[in-house]
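A quick write-up on the structure given underneath.
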Amino acid sequence: MNRLTSLYDTTQHLHDLLQQEIEPKERESIISKVNDLIEERGEQMNALKPPFSEEEKATAKKIMQLNKLIEHGMLLLFDDLKVELRQMKKQKQSNRKYIHPYETIQARDGIYLDRKK
């Protein structure tokens, strides 16, 4: 019996989750599922003890290949999240400037003080 089967299944599920098209409104639930799967994988990895058979070593190589794809998918998800945060920040600034258009003006031009009486 291959001890890495459950780890491989969890890794494959994580890979499949990251490969699907992620809608902005579903992003929070996807991130929560990804976190749960990563924690589960960590526990499974900590439970593994050597020595490993040849079949387990082959499964480990498959897991490492999937891990590279998972890292790439997580970077794409993180980049999408950063872009969305920048857009939200820009929208917030635009709304504030629309409501208070003269808030940021620092000019003191046009003031003349006449000291003669």
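Every read-out reported here was derived from the displayed coordinates using simple, explicitly stated rules and does not represent laboratory data. Model, not experiment: these values are computed from the prediction. Note: ideal-geometry Cβ built from the backbone for every residue, glycine included; neighbour counts use all protein chains shown.
Taken along the Cα-to-beta-carbon direction at a fixed 7 Å, the label points for residue 5 and residue 53 span 1.0 nm. Working note: Karplus 6.51/-1.76/1.60 with θ = phi - 60° gives segment 63-75 the couplings 5, 5, 5, 5, 4, 5, 5, 5, 4, 5, x, 5, 5 Hz, where Gly and Pro are set to x. Residue-wise HN-Hα couplings along segment 79-85, as the Karplus relation 6.51 cos²θ - 1.76 cosθ + 1.60 with θ = phi - 60° gives them from phi, are 5, 4, 5, 5, 4, 5, 5 Hz; Gly and Pro carry x. Along segment 46-56 the Karplus relation, 6.51 cos²θ - 1.76 cosθ + 1.60 evaluated at θ = phi - 60°, assigns HN-Hα couplings of 5, 7, 6, 10, x, x, 10, 7, 5, 5, 5 Hz to successive residues, with x for each Gly and Pro. Longest stretch of the chain clear of exposed loop sites (GluC sites (Glu not before Pro), DSSP loop, at most 15 other Cβ atoms within 10 Å, sites excluded): 22-102. Along the axis of the charge dipole computed for segment 4-99 (Cβ charges of +1 for Lys and Arg, -1 for Asp and Glu, origin at the Cα centre), the listed residues 60, 93, 29 are led at the positive end by 93. A value for percent of Cα pairs over 26 Å apart was derived from the coordinates, and within the list (1) 18; (2) 49; (3) 23 it appears as (2).
Only helices enter the 222 nm calculation for the chain: every DSSP H run of n ≥ 4 contributes -39,500 (n - 2.57), and dividing by all residues gives -25000 deg cm²/dmol, rounded to 500.
Ranked by the mean number of other Cβ atoms within 10 Å of their residues, highest first, the peptides 92-99, 11-18 fall in the order 11-18, 92-99. Contact order for segment 4-99, expressed relative to its length and based on alpha carbon pairs under 8 Å spaced 6+ residues apart, stands at 45 percent. The residues neighbouring residue 97, those whose beta-carbon lies less than 15 Å from its own, together hold a net charge of +3 under the Lys/Arg +1, Asp/Glu -1 convention.
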